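Enquirer: Sharing a structure, written as structure tokens. Questions coming.
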Amino acid sequence: MKKRVAALLLMILSFSFMYAQEKIHFTDEQLANGNFPKGLFNTPEARRSTMPVAAPRAQLVPGWQNPTYSPDSTRIAYTLNNDLYSIEVATQKITRHTYTGSELSLNGYASWVYYEEILGRSSNYKAFWWSPDSKIIAFYHFDNTPVPMFPIYLAEGQHGSLNETRYPKAGDENPKVKIGFVSVNGGETVWADFDENVDQYFGIPFWNGEGDRFMVSWMDRAQDNLKLYSVDPTYGNKYEIYSEHQDTWIDWMEQMLFTKEGIYFVRDNTMWEQVYYLTYDGKTFKQLTQGENWGIRLLKVDKKYLYFTAKRESTVRTDIYRITLRNNALDRLSYGDLSFSGVRIEDNGTKIYASASNLHTPTQSVLISIPNNDIRRKTVEVLSDLKGPDFDKYAIAIPELVYVTLRDGRKLPATVTWPVDMDTTGAVKYPVIVNIYGGPNSAQVSDTWKGVSFDNQWWPNHGVIQITLDTRSAGHFGKAGMNEVYRYLSVHELEDFIDGISNFRDLPYVNEKKVGITGFSYGGTMSLLCATEGSEYFQYAISGAGVMDWKLYDTHYAERYMDRPQDNPDGYKASAVFDRLKNYKGDKTNFIRMTHGTGDDNVHFQNTLQTIDALMSLNKDFELMIYPQGKHGYRGYQQKQYQLQNFRFWYQYLLEQDLPDIIRNR
């Protein structure tokens, strides 16, 4: 099988490189400074869009957090010192809604694990929600008393300081959560009828369209049972209208579309994602879609149609679809082999605006017209095209979509960017840099336009092959593929990365002894394992801020895939890196570089400290770069230094050259 893949790649390459030799090549100055020729791309036209109500610009209350306009724009809700307030815009009259705020009692401001894993980073810790009629504010109350405090040392100043974060690690106690409702006119809080002492989680809530019910998804600590409750904000009564069980784990309901009669949402309990309809009383439950869908995003529902995007034709491209509600007929509204994003449905579904691209097609702004909603009369108009008049004159290194074969015969998509004017005879052996992530439902491979930049053009112009690989749990095999890593994170993923690179190792122009791999966070974990346990296949790695033992990560994420440490001790031991380092040489033939920020409140620096201690106990050499007060992702001068030293590392170990001055001086 590997020989057949190699033969196919050789055939593709022989044509591609013959074609590339006739084109204009970028200079190092153009690449390093991003000064690409003006005719390469057109200037994108501004697109009209419907924007959400912006956050208030003026700080009416010093120190307020997450100021959010009411739907009618007459009031602004916010938190201050972990209490919930609102202020009338016209009179600037302030109403205080809660009085229990403290370091351990949070009203409308999320506990860390909810911010990171449930509400999302874009929430900025906001945990309150306006009712559609602007009369009620729903909020989550967090009691952090049982949550262990993790100290993060900050070295700034003469004496330094501690960032004391309430961070529940796998197996620890979680915050206790209550759901409250307050009137904008003040008064007592109405509490939803949940027992805060139950070991449980609450998901992202939604107000229904009428604003008289608050829809709350609930999970047990094991995250294998989900219930959807309809909560009465007036009295706090709750009614269960949907329940679900899976033997591994369940993901949250991230979207809902509401009609007067019921709710539309997405679930994956068939092992692929499907769209469902549920009446508010829970008595009618219908599946609207069939087949292998993934990454569904609901766009709009009206009396006749429901619109959504999904990866259905291919797991690497997103298309636009329409369901006819009276008969569940499914129409593909997009076209060709392009991937679509930024979709906007207008004029009762007769006009659809979107961005469209693939790996070889720069982004286009398109209008799909469907007169009278008749799909047979569909037309397409390209409103603007990023591709410039001189695009085809230049030798642009563009990724190729390929499929690699796993040891069990299944195929995963990958992308590979070949060196410009590469010698395919085998006279020259080219080193490889592999980019990865590896976490569940986090695909890195997509058939979308990647742009032209220093990052993706320098290496192809200097003799390095770039590859992006995914794993079985990335989403290409649906939920069933994800379930395979349950209770043993990083074990099957390592196998998949080894299988992925093995598809390239037999190519005559690939230097199988000069393969580097890089990733951050989950990718930092996997890149380190690839160059240690998998060092026969990956000789060099840059590992950024990886989780090196899942006992050191938070409850919600780690236990979702691993269960609690006390319930799965063998899985936690097998997944940790510390006993998997024996294949690592720590010399010029096999070397790793680790980086971590000391202020990282997500993946704690503790992970890297314990890893380097394990390497020291084995008397192994390695590189380590510490970023003082650096977070989970470096910024400013630290980011610049990080990027520079990564290039230096690859030049030193893959090319055995000094870092060029033009890069050092960028």
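Enquirer: State whether one or more residues within region 509-517 are small (Gly, Ala, Ser) and surrounded by fewer than 22 Cβ atoms within 10 Å (Cβ to Cβ). Give the derivation first.
Expert: Restricting attention to region 509-517, the residues satisfying the condition of being small (Gly, Ala, Ser) are 516.
Next, only the ones that are surrounded by fewer than 22 Cβ atoms within 10 Å (Cβ to Cβ) stay: none.
No, region 509-517 contains no residue that is small (Gly, Ala, Ser) and surrounded by fewer than 22 Cβ atoms within 10 Å (Cβ to Cβ).
Enquirer: Oh, and also: With ASP199, ASP193, ASP212, ASP224 as the choices, which residue is surrounded by fewer than 20 Cβ atoms within 10 Å (Cβ to Cβ), over 17 Å from GLY262 (Cβ atoms) and more than 32 Å from the chain's Cα centre (by Cα)?
Expert: Values: ASP199 fails: more than 32 Å from the chain's Cα centre (by Cα); ASP212 fails: over 17 Å from GLY262 (Cβ atoms); ASP224 fails: more than 32 Å from the chain's Cα centre (by Cα).
Going through ASP199, ASP193, ASP212, ASP224 in turn, the sole match is ASP193.
Enquirer: While we're on this one: Inspect all residues belonging to region 604-611 and state whether any of them is assigned to a helix (DSSP H, G or I) and either among the aliphatic types (A, V, I, L, M) or under 21 Å from the mean Cα position of the chain (by Cα) (or both).
Expert: Looking only at region 604-611, we keep the residues that are assigned to a helix (DSSP H, G or I), and these are 606-611.
When the remaining residues are screened for being either among the aliphatic types (A, V, I, L, M) or under 21 Å from the mean Cα position of the chain (by Cα) (or both), the result is 609.
So far as region 604-611 goes, yes, one or more of its residues are assigned to a helix (DSSP H, G or I) and either among the aliphatic types (A, V, I, L, M) or under 21 Å from the mean Cα position of the chain (by Cα) (or both).
Enquirer: Being of a type in the set (D, E, K, R) and either open to solvent by less than 20 Å² (accessible area, probe 1.4 Å) or in a strand (DSSP E or B) (or both) is the filter here; which residues of region 89-132 pass it?
Expert: Hits for region 89-132 are ARG96, LYS126.
Enquirer: OK, next. For region 131-147, give me each residue that is closer than 19 Å to ASN82 by Cβ and not small (Gly, Ala, Ser).
Expert: To start, the set of residues in region 131-147 that are closer than 19 Å to ASN82 by Cβ comprises 137-147.
Scanning region 131-147 gives ILE137, PHE139, TYR140, HIS141, PHE142, ASP143, ASN144, THR145, PRO146, VAL147.
Enquirer: Okay, moving on. Out of ASP408, ASP455, ASP392, ASP421, I need the residue that is out of contact with any strand residue (DSSP E or B) (no Cβ under 9 Å at 6 or more places or on another chain) and closer than 23 Å to ILE592 by Cα. Which one? Outline the logic, then answer.
Expert: Working: ASP408 fails: closer than 23 Å to ILE592 by Cα; ASP392 fails: closer than 23 Å to ILE592 by Cα; ASP421 fails: closer than 23 Å to ILE592 by Cα.
Going through ASP408, ASP455, ASP392, ASP421 in turn, the sole match is ASP455.
To keep it simple, each residue is scored yes or no on (1) more than 27 Å from TRP252 (Cβ to Cβ); (2) more than 20 Å from the chain's Cα centre (by Cα); (3) outside any helix (DSSP H, G or I).
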{"residue": "CYS530", "(1), (2), (3)": "yes, yes, no"}
{"residue": "TYR561", "(1), (2), (3)": "no, no, no"}
{"residue": "GLN566", "(1), (2), (3)": "no, yes, yes"}
{"residue": "GLY571", "(1), (2), (3)": "no, yes, no"}
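Enquirer: Sticking with this one: Do we find that LEU507 is modelled with pLDDT of 95 or more and over 20 Å from ILE250 (Cα atoms) in this structure? Don't jump to the end; show me each part of the working.
Expert: Details: modelled with pLDDT of 95 or more: yes; over 20 Å from ILE250 (Cα atoms): yes.
Judged against the criteria, LEU507 is a match.
Enquirer: Can you name every residue in region 154-181 that is in contact (Cβ under 8 Å) with a residue 24 or more places away in the chain, closer than 20 Å to SER111 by Cα and part of a strand (DSSP E or B)?
Expert: Residues of region 154-181 in contact (Cβ under 8 Å) with a residue 24 or more places away in the chain: 154-156, 163, 165-181.
With the extra rule that they be closer than 20 Å to SER111 by Cα, the set shrinks to 163, 165-181.
Result: ASN163, THR165, ARG166, LYS169, LYS176, VAL177, LYS178, ILE179, GLY180, PHE181.
Enquirer: Right, another one. If we scan region 305-325, do we find a residue that is open to solvent by 50 Å² or more (accessible area, probe 1.4 Å) and more than 23 Å from the chain's Cα centre (by Cα)?
Expert: For region 305-325, residues open to solvent by 50 Å² or more (accessible area, probe 1.4 Å) and more than 23 Å from the chain's Cα centre (by Cα): absent.
Enquirer: For region 545-573, what are the residues that are open to solvent by less than 40 Å² (accessible area, probe 1.4 Å) and more than 26 Å from HIS245 (Cβ to Cβ)? Don't jump to the end; show me each part of the working.
Expert: Initially, region 545-573 is screened for residues open to solvent by less than 40 Å² (accessible area, probe 1.4 Å), giving 545-550, 552-563, 565, 568, 571-572.
Hits for region 545-573 are ALA545, GLY546, VAL547, MET548, ASP549, LEU552.
Enquirer: Looking only at residues in region 66-109 that are touching a strand residue (DSSP E or B) at 6+ places or on another chain (Cβ under 6 Å) and aliphatic (A, V, I, L, M), which one is nearest to LYS176 (Cα to Cα)?
Expert: So, considering only residues that are touching a strand residue (DSSP E or B) at 6+ places or on another chain (Cβ under 6 Å) and aliphatic (A, V, I, L, M), the one nearest to LYS176 (Cα to Cα) is LEU106.
Enquirer: In region 271-295, what residues are over 19 Å from ARG322 (Cα atoms) and in contact (Cβ under 8 Å) with a residue 60 or more places away in the chain?
Expert: Filtering region 271-295 down to residues over 19 Å from ARG322 (Cα atoms) leaves 271, 279-285.
Hits for region 271-295 are MET271, TYR280.
Enquirer: Of everything in region 377-404, what is β-branched (Val, Ile, Thr), under 30 Å from THR471 (Cβ atoms) and in contact with a Ser or Thr (Cβ under 9 Å, 6 or more places away or on another chain)? Give them in sequence order. Quick ask: steps written out before the conclusion?
Expert: Going through region 377-404, the residues β-branched (Val, Ile, Thr) turn out to be 379-380, 382, 396, 398, 402, 404.
Remaining after also requiring under 30 Å from THR471 (Cβ atoms): 396, 398, 402, 404.
Within region 377-404, ILE398, VAL402, VAL404 qualify.
Enquirer: Which residue, of PRO151, PRO146, is in a strand (DSSP E or B), within 24 Å of TYR557 (Cα to Cα) and either open to solvent by less than 30 Å² (accessible area, probe 1.4 Å) or touching an Asp or Glu at 6+ places or on another chain (Cβ under 9 Å) (or both)? Can you show your working first?
Expert: Details: PRO146 fails: in a strand (DSSP E or B).
None of the others qualify; the one that does is PRO151.
Residue-wise test of (1) without any contact (Cβ under 8 Å) to a residue 60 or more places away in the chain; (2) under 28 Å from GLU164 (Cα atoms); (3) open to solvent by 40 Å² or more (accessible area, probe 1.4 Å); (4) of a type in the set (Val, Ile, Thr).
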{"site": "THR589", "(1), (2), (3), (4)": "no, no, yes, yes"}
{"site": "ILE592", "(1), (2), (3), (4)": "no, no, no, yes"}
{"site": "VAL603", "(1), (2), (3), (4)": "no, yes, no, yes"}
{"site": "PHE622", "(1), (2), (3), (4)": "yes, no, yes, no"}
{"site": "GLY633", "(1), (2), (3), (4)": "no, yes, no, no"}
{"site": "TYR637", "(1), (2), (3), (4)": "yes, yes, yes, no"}
{"site": "GLN652", "(1), (2), (3), (4)": "yes, no, yes, no"}
{"site": "GLU656", "(1), (2), (3), (4)": "yes, no, yes, no"}
{"site": "ILE663", "(1), (2), (3), (4)": "no, no, no, yes"}
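Enquirer: While we're on this one: How about region 413-428: which of its residues are closer than 19 Å to GLY500 by Cβ and either open to solvent by less than 10 Å² (accessible area, probe 1.4 Å) or part of a loop (DSSP other than H, G, I, E, B) (or both)? Walk me through it before giving the result.
Expert: Taking region 413-428 and keeping what is closer than 19 Å to GLY500 by Cβ, we get 413-418.
Selection gives PRO413, ALA414, VAL416, TRP418.
Enquirer: Now, a different point. Going by the conditions given, is GLN539 surrounded by fewer than 23 Cβ atoms within 10 Å (Cβ to Cβ) and modelled with pLDDT of 95 or more? Before the answer, list the steps.
Expert: On the way: surrounded by fewer than 23 Cβ atoms within 10 Å (Cβ to Cβ): no; modelled with pLDDT of 95 or more: yes.
Here the answer is no, as GLN539 does not meet what is asked.
Enquirer: Something else now. Give me the residue from region 272-299 that is farther than 27 Å from LYS238 by Cβ and open to solvent by 50 Å² or more (accessible area, probe 1.4 Å) and, out of that set, farthest from the chain's Cα centre (by Cα).
Expert: Among those residues, the one meeting the criterion is GLN290.
The values are calculated or read from the model by the stated rules, or taken from the named source; none is laboratory data. Since we're looking at a predicted model, the values are computed, not measured. When we count neighbours, we look across all protein chains shown, and the Cβ atoms used for this are built from the backbone with ideal geometry, even at glycine. Accessible surface is based on the protein model in full, side chains and every heavy atom, while ligands, DNA and RNA are left aside. Shrake-Rupley method; radii C 1.70, N 1.55, O 1.52, S 1.80 Å.
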